[in-house]
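Enquirer: I have a structure I would like to understand better, so I am pasting it below and will then ask my questions one at a time.
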Number of protein chains: 2
Amino acid sequence: MNPPLSPTFLDRLRELLGDRLSTSEAVCLQHGRDESIFEAMPPQAVAWPTSTEEVVALVKLCREHGVPITPYGAGSSLEGHTLAVRGGLTLNLQRMERILALNPEDLTATLQPGVTRKALNAALRDQGLFFPIDPGADATIGGMCATRASGTNAVRYGTMRENVVNLRVVTPDGEVVDTARRARKSAAGYDLTRLFVGSEGTLGVIVEATVRLHPLPEHVMAAVCAFPEVHGAIDTVVQVIQMGVPVARCEFVDAVAIRAINAFSQLALPESPHLFFEFHGSQAGVKEQVEVVEAIVADHGGQDFQWAATPEARSRLWEARHNVYFAALQLRPGCRSIVTDACVPISRLADCLVQTADDLRESGLIAPMVGHVGDGNFHVQMLVDDAAPHELRAAEALNERLVRRALSMDGTCTGEHGIGLHKQGFLVEEVGAAGVDLMRRIKHALDPAGLMNPGKVFAPHA
Amino acid sequence: MNPPLSPTFLDRLRELLGDRLSTSEAVCLQHGRDESIFEAMPPQAVAWPTSTEEVVALVKLCREHGVPITPYGAGSSLEGHTLAVRGGLTLNLQRMERILALNPEDLTATLQPGVTRKALNAALRDQGLFFPIDPGADATIGGMCATRASGTNAVRYGTMRENVVNLRVVTPDGEVVDTARRARKSAAGYDLTRLFVGSEGTLGVIVEATVRLHPLPEHVMAAVCAFPEVHGAIDTVVQVIQMGVPVARCEFVDAVAIRAINAFSQLALPESPHLFFEFHGSQAGVKEQVEVVEAIVADHGGQDFQWAATPEARSRLWEARHNVYFAALQLRPGCRSIVTDACVPISRLADCLVQTADDLRESGLIAPMVGHVGDGNFHVQMLVDDAAPHELRAAEALNERLVRRALSMDGTCTGEHGIGLHKQGFLVEEVGAAGVDLMRRIKHALDPAGLMNPGKVFAPHA
C-alpha cells in the first residue's frame, strides 16, 4: 500500500495545474494499465503539464515530497513501463503535443514529447519528408524515445537510436539539460542522447526531441508473396540483407497471422507464411531491387507475388500489417496477449524462428507470429485467457525458452519493446550482473532518491 | 610532479608482463605525445597487454596501488587524449590486434582493440565487405570507438556511433562487461555501447569491439569538380543532401588544401575550392546519382568535372585526400598544426564556412580547410610555429571564434575529434554546466577513484 499523498503536496499541485490534475479513481486506474498483462498499478494522481516549466516545477515538487513520478505517453507499452509501481504522480505528456520547429533543409523536426508518430507524419506531408519509425501503436515521440522503439522501416532507416538528434530532458533534480545540439554528428563528451533513448523514464522526463526526417522516396513499390513453409521465407530475407539490397521494409507474417489479417482487414491472402516487402528509391532503383528480390524469392519457393503499386493498395497492405495485433486479439474474443520480442543475428534467424514454431505447436497456444525479420526481430503474440493460470504459465514458459534460445544465439531478449517490469531477469542474463550493475550505478548517480519511474528496467540497489 | 611508482607495483607488473613492460624515458616520452600541440605528458611506465585477462590484472593492480591508467592505440589523437596528465601506466593496446571473428552472413566482425582500420579492410577484401569509418590516420578500432570517430564515408554509412554493435570493456573495478549482444538492434536497458563509444577511455578499457560491415558496392564512381568560390561548393552539397541523394562521400577541399595536395601527391588540380564525390550503388543507381549531382554542380557554377572511374584513379584521389593533413604540414616545414572540428546543421554550413574563411584572411595564418561537408563538419588546419606565441594565440583565438559561431548555429565544437584536453571549456558552453554535471556523475559512479584516463573530457569533481 502506497502512503497517501500529503494534502500540502496536493494543494501545491492544484495551485500549479488547476483542472489539469486528477485524483479520480477512474482516471488513476486508466493510467495504471497498459497493453501488458500486469495487474493495474494506478498512480495516486495524474498531471497534464503543458510546458517544460511545469514539468520542472512538478519534478521539484515531487522531489521535495519524495513522491515517485511516472512519465506517460500513449499508454501503448507492452511491458508495463507506465505502471505506477509505487503509486505517486503520473505525468501524462499528451498535452505537450506541439511541433516546435520543422527544419526541412536540415531534415530535422523538434517536437514536444506528446506528438504522435502519425501526427508528425501528417504535418510533414506537404514537405516531401517523413519520419520512418513506426511501432504498431500510434505512440508518442516521447514514449518512442524512452523505449528505443523501431518498427517496420528500421531495416533501412534505423531505430530511435539512429533517428534522435537530441533531447531536452528534465533531470531528477529539476534541471533542464539539452543532451546535444542539432548537428548530424558530434564527438562532444558522453553520448547523453543515447543514454536517455531507451532509459524508460528512469533517468528523467523527456520534454523535447529533435528527430531526423527523411526525404519521401521518389518511387515506392510494395509486394506480398507466399511461401510453402517458414524456412523459405526466412532464408529469402537473410539473402536479401546479405546482398545489401536496401529494402525499406521486409516483414514476415505467419499463416495464423494471415488468417487474422484476412478476417480483420478483409483481405484474401492464402493462409501460409508470407513476406511483405516495400522498396524505396528512384524508378530505376526500385526496379533493380525488385528484380533481385524476385529472383531470391523464386529460388526459395516463394509464389503468388502480388504487387501493391498504388498508394491506396499500399496503405491497405501496411494498415493490415500494423493492425495485426488487434486482428489477432479477434481470433479469440476476450483474450489478452503476451508478446515476445526476441532479436537475433540474422544468420540464426531461421533456426530461432523454426524452433519457436515447433515449441508453439507443442504448447497448443494460439499465437500468430510476425517479424521485422530484416533486423532479426520477431514477435509471437500468444493469446491467453488471463483467468486460466495454466495458459499464462504455458505462455511464460514459451517466452522463457525463446529468450534463452535467442541469448544462446548471441541475440537479445528485446528488440524493440524494452525491459519494463517484465524482462528484468532476462536483462541480467543478457548483460550479466556486472552490466546491470553499471546501469544501476548510473541510475543511482542521476536519481539518488529513486523517484523516476521506480522499479523499471532493474530492481533498485539492494 | 607525479609520485614515483612503488617498487612493489613495478615488480608485480614485470612479473605479469616480462619484457612487455617499459619504464624507459624514451618510450614513456613517445607515449606522452600525440598529434596535438600539447607539451608531452609522459606516463611512468608503458605496458603492452595481449589479452583481456592481462588488462583485467593490470586494471586491478593499478586500482590497488592508486595508479592512473591511460589506454593508447595508434597515438593519432588531435586533442591530447592519450597524454598521461597524472603519469601512471599507459596501456598500449597495439598488440591486441587479432580479428576474433568474421561473420559475413551477419555483416559483423569482432576485433581486438589494436586492429587498425586498414588491417581490417585488408582482411575483408576477399569477403566482398568493407568497414567504412576512415579517420585520416590509420587509427585503431579501440581508439576510434573511444573518440566516436567518423571520416569521409559517414555521410552515407554513419559514424562509430552507428557502426559499433557491441563492446567488451574492462571496467575500473576490473570487471569484464559485454555492453550488448550481436543482434542488429536491442531495447534491453541503458545503451552501454553508446555510453562507451566516445567516452575517451575515461570509463574503462575497450578490449573487444564488434562492428558492422557493409557489402562492397557493386559499382563505384568518384569525381572532383572545381568551383570559383566557396559558396557555390557548399550550396551544392546542401542541395545534394536535401534531395536525399545517397552520396557515399562528399568532401570539400579549399584552394590552399588543393595547393598542398598537388605538391604532396603529384596532382595538377586547379587551385580553387573543390568537391570530391564518391557514388556507390548498382551501375544504374550510380548513373542516376551522378546525373542529379552533375546538374546541381552546374547550377552552382561548378566546372572541370573530372572522373576517376578506375580503382587506381580512385585510390590516388582518396589517398591524396587522406594525406591532406601531412601535405599541409609540408606547406610550412617545421610547423605544427592546430586543427578545428566544428560541425553545424547543414543549412548553416555555407555561412559558417564563409565567415571562417573571412576570419582566416584577417588572421594571416596559413590554414587549409577541408570538410566532411555532407555532415556539416569541416576542419581548418592552422599551421603555426610553436615557438611563436603570437601565432599560437591567433590560432586559438580563431578556433574560439569558430566554436562560438558553430554553437550559435546550434552546432558542436567537435564533429569527430573529441574533447580530450583541448575543448573542455567549449563542452561546458555546448551542453551547459548541468549537462557536464551529468557526465561527471556518470564518471564518478563508474570510476570513483578517478584512475581511468584522468583529466580528460572534463575536470574532475571539485
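The values are calculated or read from the model by the stated rules, or taken from the named source; none is laboratory data. These numbers were taken from a predicted model, which means no experiment stands behind them. We place every Cβ from the backbone using ideal geometry, glycine too, and count neighbours over all the protein chains shown. Note: accessible area is taken over every heavy atom of the protein model, side chains too, but ligands, DNA and RNA are not part of it. Shrake-Rupley method; radii C 1.70, N 1.55, O 1.52, S 1.80 Å.
Enquirer: How far is it, in nm, from the label point at A:Q266 to the one at B:A263 when both lie 7 Å from their Cα along the line to the Cβ?
Expert: 7.6 nm
Enquirer: I would also like to ask the following. Assume the label is 7 Å from Cα along Cα to beta carbon: what separations in nm does B:G128 have to the matching positions in the other copies?
Expert: Between copies, matching label points for B:G128 lie 3.5 nm apart.
Enquirer: Step through the table entries A:K423/B:K456; A:K118/B:K287; A:K456/B:K443; A:K60/B:K185, compare each Cα-Cα distance with 28 Å, and write down the pairs that go over it.
Expert: Those over the limit are A:K423/B:K456; A:K118/B:K287; A:K60/B:K185.
Enquirer: If you roll a 1.4 angstrom probe over the protein chains with everything in place, what fraction of the accessible area of the range B:97-215 belongs to carbon and sulfur, to the nearest %? Walk me through the intermediate numbers first.
Expert: Working: 1280 of 3040 Å².
Carbon and sulfur: 42 percent of the exposed surface of the range B:97-215.
Enquirer: Where the only charges are on Cβ atoms (+1 Lys, Arg; -1 Asp, Glu), what is the dipole of chain A about its Cα centre, to the nearest 20 debye?
Expert: Computed charge dipole of chain A: roughly 980 debye.
Enquirer: Post the alpha-carbon centroid distance, the range A:47-96 to the range A:369-392, in whole angstrom.
Expert: So the separation of the two Cα centres works out to 29 Å.
Enquirer: Still on this structure: What number do you get for the range A:219-408 when its Cα radius of gyration is normalised by 2.2 N^0.38 Å, N = residues?
Expert: Dividing the Cα Rg of the range A:219-408 by 2.2 N^0.38 Å gives 1.02.
Enquirer: Kindly tabulate the residues in the range A:335-350 with an accessible-area decrease of at least 10 Å² between the chain alone and the assembly of all protein chains, using a probe of 1.4 Å.
Expert: Residues passing the criterion (a loss of at least 10 Å², heavy atoms only) are A:C343, A:P345, A:I346, A:S347.
Enquirer: Counting each DSSP H run of 4 or more residues in chain B as -39500 (n - 2.57), what helix-only mean residue ellipticity at 222 nm follows after dividing by all residues, to the nearest 500 deg cm²/dmol?
Expert: For chain B, the value works out to -11500 deg cm²/dmol.
Enquirer: Also, quick follow-up: Amide H of B:A248: which non-local residues (sequence gap of 5 or more, or other chain) have their own amide H closer than 5 Å, using H built in the peptide plane?
Expert: B:E278, B:F279, B:H280
Enquirer: Once phi is turned into ³J(HN,Hα) by the Karplus curve 6.51 cos²θ - 1.76 cosθ + 1.60 with θ = phi - 60°, what whole-Hz value does each residue of the range B:72-77 show in order, with x for glycine and proline?
Expert: 9, x, 8, x, 9, 4
Enquirer: Something else about it: Given the protein assembly as shown reduced to its alpha-carbon atoms as identical point scatterers, what log10 I(q)/I(0) does the Debye formula return at q = 0.07, 0.09 Å⁻¹?
Expert: Once normalised to I(0) and log-transformed, intensities are -0.56, -0.95.
Enquirer: Same structure, new question: When the accessible area of the range B:1-85 is computed with all protein chains present and a 1.4 Å probe, what percentage of it is carbon and sulfur?
Expert: Numbers: 2070 of 3990 Å².
About 52 percent, which is the carbon plus sulfur part of the accessible surface.
Enquirer: If packing is taken as the average count of other Cβ atoms within 10 Å, what order do B:151-159, B:435-443 fall into, highest mean first?
Expert: B:151-159, B:435-443
Enquirer: For B:E416, which sequence-distant residues (separation of 5 or more, or a different chain) have an amide H within less than 5 Å of its own amide H, given hydrogens modelled in the peptide plane?
Expert: When sequence neighbours closer than 5 places are left aside, the close amide H contacts are A:A187.
Enquirer: Whole-Hz Karplus ³J(HN,Hα) for the range B:152-158, in order, using 6.51 cos²θ - 1.76 cosθ + 1.60 and θ = phi - 60°, x for Gly and Pro?
Expert: 7, 8, 4, 4, 9, 9, x
Enquirer: Per residue, how much accessible area does chain A have with a 1.4 Å probe, in Å²?
Expert: 35 Å²
Enquirer: When the Kirkwood hydrodynamic radius is evaluated over all pairs of different C-alpha atoms of the range A:180-252, what value in angstrom, to one decimal, is obtained?
Expert: 16.8 Å
Enquirer: Mind listing the phi-derived Karplus ³J(HN,Hα) values for the range A:18-32, rounded to whole Hz, using 6.51, -1.76 and 1.60 with θ = phi - 60°, and x for any glycine or proline?
Expert: My calculation for the range A:18-32 gives x, 7, 8, 10, 9, 10, 5, 4, 5, 5, 5, 5, 4, 7, x Hz in order.
Enquirer: Right, here's the next one. Determine the total buried accessible area between chain A and chain B, counting protein heavy atoms only with a 1.4 Å probe; round to the nearest 100 Å².
Expert: Between A and B, the summed buried area is about 6900 Å².
Enquirer: Considering the Cα positions of chain B, please state its Rg to one decimal place and its Dmax as a whole number of Å.
Expert: 22.2, 71
Enquirer: Defining the label point at 7 Å along Cα→Cβ, can you sort the distances from B:Q30 to the same site in each other copy, shortest first, in nm?
Expert: Those label-point separations list as 7.2 nm.
Enquirer: At q = 0.17, 0.20, 0.22 Å⁻¹, what base-10 log of I(q)/I(0) does the Debye formula yield for the range A:307-360 when every alpha carbon is treated as an equal point scatterer in vacuo?
Expert: Cα-only, vacuum Debye calculation for the range A:307-360: -0.84, -0.94, -0.95.
Enquirer: Oh, and also: For the range A:124-231, what's the relative contact order in percent, using C-alpha pairs closer than 8 Å and at least 6 residues apart?
Expert: 32 percent.
Enquirer: Could you pull out every residue, at least 5 positions away or on a different chain, whose amide H is within less than 5 Å of the one on A:D386? Hs are placed 1.01 Å off N in the peptide plane, and Pro or chain starts have none.
Expert: A:R336
Enquirer: Please state the charge dipole magnitude for the protein assembly as shown, taken about the Cα centre, from unit charges on C-beta atoms (+1 on K and R, -1 on D and E), reported in debye and rounded to the nearest 20.
Expert: Result for the protein assembly as shown is approximately 1220 debye, rounded to the nearest 20.
Enquirer: Here's another thing I want to ask about it. Return a whole-number percent for the relative contact order of the range B:219-408, with Cα pairs under 8 Å and 6 or more residues apart as the contact set.
Expert: Result for the range B:219-408 is 28 percent.
Enquirer: Here is a further query. Could you tell me what % of all Cα pairs in the range B:7-94 have separations over 14 Å?
Expert: Cα-Cα pairs in the range B:7-94 separated by more than 14 Å: 59 percent.
Enquirer: Between copies, how far apart are the A:G66 label points? List them in nm, one decimal, shortest first, with each point 7 Å from Cα toward Cβ, please?
Expert: Result, one decimal in nm: 3.7.
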